[in-house]
Amino acid sequence: MARADRTLRGRVAVVGIGETEYDRHGASPDPEFKLALKAILATCEDAGLDPREIDGFASYSDDRSEASRLAAALGTRRLRAATMQWGGGGGGCCAAVANAAASIVGGLADCVVVFRSLAQGQYGRFGQTTGIDTISGEKAYLMPYGVLAPPQRFAMRVRRYMHEHGVRQEALRAIALASYHHAQANPRAVMYGKPLDAAKYDASRWIAEPFHLYDCCMENDGAAALLVVAEERAGDFRHKPVYVLGAAVGSGYRTGAIPHNSPLYASASFDTVAPDLYRMAGLGPADVGVVQCYENFTGGVVMALAEHGFFKPEEANDFLRLENLVAPFGRLPLNTSGGNLAECYMHGFELLLEAVRQVRGTSTSQVKRNDVAMVIGGPMVTPVSNLLLASEETL
Amino acid sequence: MSTKPSSTYLPAGLPIPVAEADDLSAPYWAGLRQNRLMVQHCTRCQTWQFGPEWLCHRCHTFDPQWVEVELRGRIFSWERIWHPSHSALRQHGPYVAVLVELPQAGGVRMVGNLLGDAMQVVVIGAEVEGVFEHHHDADPPYSLLQWRCREAGRNSVDINPAPSFEESRT
């Protein structure tokens, strides 16, 4: 059977979502593993599932809350799937769902929890690098030159893209403003009650040009999870099931050539992954009603949206205006929970929960066109991943 | 650690680059110590490759040869960094990192700092030349490759003199 005939389309559904309280780094009273347990139990509660029926765990980015410990702690009756998506930081957030779906469709498991638990206050902030004596591999070519943390590792990629396509700072700003706009309606959001406007953005300090403070994600403590089951069981739970319409993982030719030697440098790494997603789902960008796109940095969102065909790179300045990006009626409502910038940096997993809420119709910034929701994970890293979720009527 | 903070672009205390446990990049770091920029070049298919790998990505010949490359390039991208992500940079202020492509080596790219005023206007496409920066007093000692605009002066200059061959072999 050709790959195009083997598909996840409509074969599994998300039937539960849950998260802990989201905190600033260091502010969570709970240890990271306890956060994972809380998010998973909240997910089972949302679905109406006995947690002992979970038979698989899927995560990414070397999550420390290991599957066998979770299974023992929860007293699950058996473990059938334990998948970890290699590398890529937040680029694995959608891939973890795809791996869970593949486990189910392939007959390995029935009921898989996908999750991310991350307490940066307990295990070290991604934005600080003090305490390293010697370094080898990719970072050896970067860190001695002060290219240390993620903002510095990605700013040159975005600068090159802006140079090649004439993208202006205002396009990056619109993405930050959209996340903060939606966070003001979301009581879960760490930046709830802390609005951002253009003047405040412009006056904010540089982190690494072209990134202002508000172009960069937060560093948080928390956990989030969702529950995937086969489509035959999708109707057995408390909420309207949300189906996987398509998923794709990976990157193009030699994207992983370090240091900064990928042939297609000014890219979010979706040159091959976006077409794969649309092919599996059997639809195109015009069919997508709402997008959650991982904001490690706003510039990565610009590239990722262009690579998913929502506009041409040369149209970025015209398309990326706040009014186009806000729910309920914007041309392409973006990051409607506040995302990594303003809801919580749950390594992108908060974006998956928000996409489920949009299809269910329960977002705090609900869009009108909610039959097809996209999630884009981890622009500019490799592997990246993406996901299309949809209502039953769309199948 | 260096006792001459003005002789290096960034203050002492940042992570020290060393080869991997399997020594994949050892010829590169040893080359910098001896004022030589070494890049992998496949003798079979003529492909340039950086960073190093155990085989040529084009023709799959193992152990591509390391050859010395001229210290010139073009700015491919850049960033001016303000936020200190390391305690060694806390009082330092802004600095510039550049991504330089080397046309004479198949367009491979390298990250370094752009020497000179941190607030200088940086132009993508500008011609730059490499400058070795030796950290003799670090433990272990190491060397970096920095860049400066060619308009600023065409003579190659070492920030610190290179170690003798005997010294650098250890």
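Where a number appears in this text, it was derived from the coordinates with a stated rule and is not lab data. None of the values given here were measured: they were computed from a predicted structure. A quick note on method: Cβ atoms are made from the backbone with ideal geometry, for glycine too, and the neighbour counts reach across all protein chains shown.
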For chain A, give me the percentage of DSSP beta bridges that are antiparallel, rounded to the nearest 5 percent. 75 percent
Just counting partner chain Cβ atoms within 10 Å, what average do the residues of peptide A:149-158 show around their Cβ? 4
Beyond 47 Å, what share of the Cα-Cα pairs of the protein assembly as shown remains, rounded to the nearest whole percent? 15 percent
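For region A:35-172, just run the numbers: alpha carbon Rg, then divide by 2.2 N^0.38 Å, N being how many residues it has.
Details: Rg = 19.4 Å, N = 138, 2.2 N^0.38 = 14.3 Å.
Against the empirical 2.2 N^0.38 Å value, I get 1.35 for region A:35-172.
Under the Kirkwood approximation applied to all pairs of distinct alpha-carbon atoms, what is the hydrodynamic radius of region B:20-169 in Å?
Details: mean 1/r = 0.0601 Å⁻¹.
Taking the inverse mean of 1/r over all distinct Cα pairs, region B:20-169 comes out at 16.6 Å.
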Please compute the length gained on full extension between A:ARG205 and A:GLU315, using 0.36 nm multiplied by the number of residues separating them and subtracting their Cα-Cα distance. 36.9 nm
Most exposed first by the Cβ proxy, i.e. fewest other Cβ within 10 Å, how do B:THR8, B:THR43, A:THR394 rank? B:THR43, A:THR394, B:THR8
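Using only DSSP helix segments of four residues or longer, with each worth -39500 (n - 2.57), what per-residue ellipticity at 222 nm results for the protein assembly as shown after dividing by its residue count and rounding to 500?
Numbers: 14 runs with 130 residues, N = 565.
It comes out at -6500 deg cm²/dmol, rounded to the nearest 500.
Within region B:48-113, which chymotrypsin sites (Phe, Trp or Tyr not before Pro) sit in a loop by DSSP and count at most 16 neighbouring Cβ atoms inside 10 Å? Kindly include the intermediate steps, with their values, before the conclusion.
Details: sites: B:TRP48, B:PHE50, B:TRP54, B:PHE62, B:TRP66, B:PHE76, B:TRP78, B:TRP82, B:TYR95; in loops: B:PHE50, B:TRP54, B:TRP82.
Answer by residue number: B:TRP54.
Averaged across the residues of B:83-91, what count of C-beta atoms belonging to other chains lies within 10 Å of each residue's C-beta? Present the calculation step by step, with values, prior to reporting the outcome.
Numbers: counts 12, 6, 17, 9, 4, 4, 4, 1, 0.
Partner Cβ neighbours, averaged per residue: 6.
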Per residue of region A:135-145, in order, report the coupling 6.51 cos²θ - 1.76 cosθ + 1.60 (Karplus, θ = phi - 60°) as ³J(HN,Hα) in whole Hz, putting x for Gly and Pro. 9, 9, x, 3, 5, 5, 7, 10, 4, x, 9
Partnerless cysteines, meaning none of the other Cys C-beta atoms lie under 4.7 Å away, in chain B: B:CYS149
Using amide H atoms built 1.01 Å from N in the peptide plane, name the residues 5+ places from A:VAL242, or on other chains, whose amide H lies under 5 Å from its own. A:VAL14
Could you check the spin-label model distance between A:GLU170 and B:THR47? Points 7 Å from the Cα along Cα→Cβ, value in nm. 4.4 nm
Lys pairs, chain A - Cα-Cα below 26 angstrom, 8 or more residues apart or on other chains: 4
Convex hull volume of the Cα atoms in region A:197-349, per residue, in Å³? 163 Å³
Tell me, what HN-Hα J-couplings in whole Hz come from the Karplus equation 6.51 cos²θ - 1.76 cosθ + 1.60 at θ = phi - 60° for each residue of region A:255-269, using x for Gly and Pro? 4, x, 6, 8, x, 6, 10, 5, x, 9, 6, 7, 8, 8, 6
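For region A:58-185, what's the relative contact order in percent, using C-alpha pairs closer than 8 Å and at least 6 residues apart?
Details: 94 pairs, mean separation 25.9, N = 128.
Answer for region A:58-185 is 20 percent.
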Loop-only check: which chymotrypsin sites (Phe, Trp or Tyr not before Pro) in region A:305-362 are DSSP coil with at most 16 other Cβ within 10 angstrom? A:PHE329
In whole Å, what three semi-axes, largest first, describe the equivalent ellipsoid of region B:1-103 built from its Cα gyration tensor (square root of 5 times each eigenvalue)? 31, 17, 13
Could you give the nm distance between label points at B:CYS59 and A:TYR123, where each point is 7 Å from its Cα heading toward the beta carbon? 4.5 nm
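Quick one: if the Förster radius is 22 Å, what FRET efficiency do A:ASP5 and A:GLU392 give, using the C-beta to C-beta distance and rounding to 0.05?
Working: r = 22 Å, r/R0 = 1.02.
Taking R0 as 22 Å, the efficiency between A:ASP5 and A:GLU392 is 0.45.
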Peptide-level mean, for B:11-22, of C-beta atoms on other protein chains within 10 Å: 5
Order of A:ILE132, A:ILE207, A:ILE258, A:ILE175 from fewest to most other C-beta atoms within 10 Å? A:ILE132, A:ILE258, A:ILE207, A:ILE175
Using the 10 angstrom Cβ neighbour count as an exposure proxy, how do B:SER143, A:SER68, A:SER103 rank, fewest first? A:SER68, A:SER103, B:SER143
Cut-off 10 angstrom, C-alpha nodes, Gaussian network model of chain A. Which of A:GLY26, A:GLY377, A:GLY289 fluctuates the most? A:GLY26
Which of A:GLU307, A:GLU66, A:GLU343 moves most in a GNM of chain A, Cα contacts under 10 Å? A:GLU66
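Would you mind calculating the gained length between A:ARG52 and A:ASP197 on full extension (0.36 nm times residue separation, minus the Cα-Cα distance), in nm to one decimal? Write down the numbers at each step before the final one.
Values: separation 145, 0.36 × 145 = 52.20 nm, distance 4.67 nm.
Length gained between A:ARG52 and A:ASP197: 47.5 nm.
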